[in-house]
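These notes concern the structure reproduced below.
The values are calculated or read from the model by the stated rules, or taken from the named source; none is laboratory data. Source: prediction; values computed, not measured. A quick note on method: Cβ atoms are made from the backbone with ideal geometry, for glycine too, and the neighbour counts reach across all protein chains shown.
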Amino acid sequence: MQNITTTLRKLFYLWSRSQVPVKQPIKISRIDNLIIFLVCILISIISSYKLLFFSPLNITDIFSWLFTFTEMLISSGILILVSKKENPTISSRQIILILTLLLAVQAMKLALASTISPLSMIIPPALIISQGMGSITALAWVSIASFSWPDPAVAINNNLFFILLVCASVVSLLGGKMRSRAQLLQLSIFVPIGAFLSQSILVGKNNISLIDKKEFVFVKGGIFSDSLLLAIVMLFTILFIPVFESIFGLLTKARLLELADKEKPLIRRLSLEAPGTFEHTLLICGLAEEATRMIGGDIDLIKTGALYHDVGKLHAPNWFIENQDGSKNPHDELDDPIKSAEVLQAHVDEGLKFARKSRLPKLIANFIPEHQGTLKMGYFFQKAKEKNIDINENYFRYKGPIPQSKETAILMLADGCEAALRAMNINASDKEALETISNIVYSRQKDGQLNDSNLSKGEIFLIKRAFLNVWKRIRHRRIQYPTSKNNTFS
């Protein structure tokens, strides 16, 4: 019986490994790790040092300080782990931002706890974190920031603490899903109103300040003044979110939608100077968006990334067949497969330059090289072999890297399938289309292009079905309308 159990466990382990490839964590430099560790130490010191102010100081007080110090250090480590788990591509700058916000809030509790309501200290940072790093990370941050108070003399009203947790949780959950600045503005209005009504019911007209009665805005620790301050701070937070996006590389839903505007200069240039590439881009967007929706990926990310993935073709639009009018092909006049391959690689290199000039976020710029990965330029490699040019196959491969996320991997597959599906006969069957898609996907898998993407076999199956569904939608027939010399039917 034990052997059977052991065998089943091994089979389950092998099956799990085959379904979800192991994704390598992003490496953080030693200097960044040192800075992160020092910030964690500062958080722990600020959160615990007041425990050493008791007089006379005994061994119990020292142990209490050591326990609180260690607790905050471990909590900071857990917060980092949660953020990495939710967002494997999180950068050291973003981790430092999360910890710095926690450090700032702990310092504000020491300096202003008796003056400002905890609502105004904890909810606005939760909005920033949920927008930039996700709801789970924001909830973890709220938990640590809410339960840890550096000054043991500060006593929080239990009802107020409950309201704080509810409001902060609502902001964390909704903030990670909101897709526009207008929705954030609505949140900055309705959350303070909800806090005001909740405090009116649960706290009442009595004093709700944390320790002392100090005049603030209108009334001494009044319910209305606390809610008004929360609304003001949230509005200022929304105004400064674009600054955080720029400094710390945050990529919010609102920012993605702004970048996806087809009137953006780079996209507008693509539509005017490389119209064939632009049309190809729109078709790929349809394929990639449907596939991403099918597997539960980040639709806004792939929709925006797909729009920018081929902007590098702006450096030489006529060298790509979709922008040619059929009269002549520059590659034929060049008649050098090696230089033609260099032109193809240049559209990736130049695309990254365009991305830097336009200050595109890194997650969007990643689509430019990763959608090609290290694929072989088969046509020009074959041309080189026909000319008996003895050259290594690697000269005819893109420089990579291969896709590092599900979204860039989906774009690679959509890029490969788009032309093949569009070229199929309108009378082709679903089986033939699915076979074409499967062959392209299998060739990418066999070539190792999907090894780092973390796509499971089940997700790849859903992606193929999504591509088929999009193809079935776009291969519609159109009737030939009768026309005469004087009439045109519509």
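The residue of region 186-203 that is nearest to the chain's Cα centre (by Cα), among those that are closer than 27 Å to A260 by Cβ and of a type outside the set (S, T, N, Q), is L187.
Selection within region 36-66: residues that are aliphatic (A, V, I, L, M) and closer than 30 Å to I90 by Cα. The member of this set that is surrounded by the most Cβ atoms within 10 Å (Cβ to Cβ) is I43.
Can you tell me which residues in region 413-424 are surrounded by 14 or more Cβ atoms within 10 Å (Cβ to Cβ) and in a helix (DSSP H, G or I)? Within region 413-424, L413, A414, D415, G416, C417, E418, A419, A420, L421 qualify.
For S130, state whether it is crowded, with 23+ Cβ neighbours inside 10 Å, at pLDDT 90 or above and either outside the structural domain of L38 (by TED's automatic domain parsing) or out of contact with any strand residue (DSSP E or B) (no Cβ under 8 Å at 6 or more places or on another chain) (or both). Before you say what the answer is, go through the steps one by one.
Values: crowded, with 23+ Cβ neighbours inside 10 Å: yes; at pLDDT 90 or above: yes; either outside the structural domain of L38 (by TED's automatic domain parsing) or out of contact with any strand residue (DSSP E or B) (no Cβ under 8 Å at 6 or more places or on another chain) (or both): yes.
Considered against the rule, which asks whether it is crowded, with 23+ Cβ neighbours inside 10 Å, at pLDDT 90 or above and either outside the structural domain of L38 (by TED's automatic domain parsing) or out of contact with any strand residue (DSSP E or B) (no Cβ under 8 Å at 6 or more places or on another chain) (or both), S130 comes out as yes.
Within region 370-407, the residues that satisfy the criterion of being part of a helix (DSSP H, G or I) and under 21 Å from I463 (Cα atoms) are E370, K406, E407. Regarding region 425-444, can at least one residue be identified that is modelled with pLDDT of 90 or more, within 26 Å of D300 (Cβ to Cβ) and part of a loop (DSSP other than H, G, I, E, B)? No, because not a single residue in region 425-444 is modelled with pLDDT of 90 or more, within 26 Å of D300 (Cβ to Cβ) and part of a loop (DSSP other than H, G, I, E, B). Of everything in region 87-128 that is more than 30 Å from E407 (Cβ to Cβ) and small (G, A, S), the residue that is nearest to the chain's Cα centre (by Cα) is A104.
Can you pull out the residues in region 447-461 that are out of contact with any Lys or Arg (no Cβ under 6 Å at 6 or more places or on another chain) and surrounded by fewer than 20 Cβ atoms within 10 Å (Cβ to Cβ)? Selection gives D447, G448, N451, S456, K457, G458, F461.
When T277 is tested against the conditions (1) surrounded by fewer than 18 Cβ atoms within 10 Å (Cβ to Cβ); (2) part of a helix (DSSP H, G or I); (3) hydroxyl-bearing (S, T, Y), the lone failure is (1).
Kindly indicate which of A138, A107, A182 is surrounded by 22 or more Cβ atoms within 10 Å (Cβ to Cβ), part of a helix (DSSP H, G or I) and either assigned by TED's automatic domain parsing to the domain that holds I46 or free of Cβ contacts under 8 Å to residues at least 60 places away in the same chain (or both).
Numbers: A107 fails: surrounded by 22 or more Cβ atoms within 10 Å (Cβ to Cβ); A182 fails: surrounded by 22 or more Cβ atoms within 10 Å (Cβ to Cβ).
None of the others qualify; the one that does is A138.
Of all residues in region 66-86, those that are in the same structural domain as Y49 (by TED's automatic domain parsing) and more than 12 Å from S148 (Cα to Cα) have Cβ atoms under 8 Å from Cβ atoms of residues that are not small (G, A, S) and not in a helix (DSSP H, G or I), 6 or more apart or on another chain, in S83/I90; K84/P25; K84/I90. Of all residues in region 312-329, those satisfying the criterion of being touching a His at 6+ places or on another chain (Cβ under 6 Å) and within 23 Å of R356 (Cα to Cα) are G312, K313.
From the list L251, L287, the lone residue that is in a loop (DSSP other than H, G, I, E, B) and either crowded, with 20+ Cβ neighbours inside 10 Å or not assigned by TED's automatic domain parsing to the domain that holds E370 (or both) is L251.
Determine whether I410 is among the β-branched types (V, I, T), part of a helix (DSSP H, G or I) and under 24 Å from the mean Cα position of the chain (by Cα). Can you show your working first?
On the way: among the β-branched types (V, I, T): yes; part of a helix (DSSP H, G or I): yes; under 24 Å from the mean Cα position of the chain (by Cα): yes.
The answer is yes for I410.
Among the residues of region 152-168, are any closer than 26 Å to P361 by Cα, among the β-branched types (V, I, T) and buried (at least 20 other Cβ atoms within 10 Å of the Cβ)? No, region 152-168 contains no residue that is closer than 26 Å to P361 by Cα, among the β-branched types (V, I, T) and buried (at least 20 other Cβ atoms within 10 Å of the Cβ).
Could you say whether any residue in region 172-185 is over 22 Å from the mean Cα position of the chain (by Cα) and either under 26 Å from I201 (Cα atoms) or modelled with pLDDT of 85 or more (or both)?
Start the filter on region 172-185 by keeping residues that are over 22 Å from the mean Cα position of the chain (by Cα), which leaves none.
The answer is no, given that none of the residues of region 172-185 is over 22 Å from the mean Cα position of the chain (by Cα) and either under 26 Å from I201 (Cα atoms) or modelled with pLDDT of 85 or more (or both).
For region 290-327, filtered to residues that are within 18 Å of L462 (Cβ to Cβ) and not in a helix (DSSP H, G or I), the residue that is farthest from the chain's Cα centre (by Cα) is G296.
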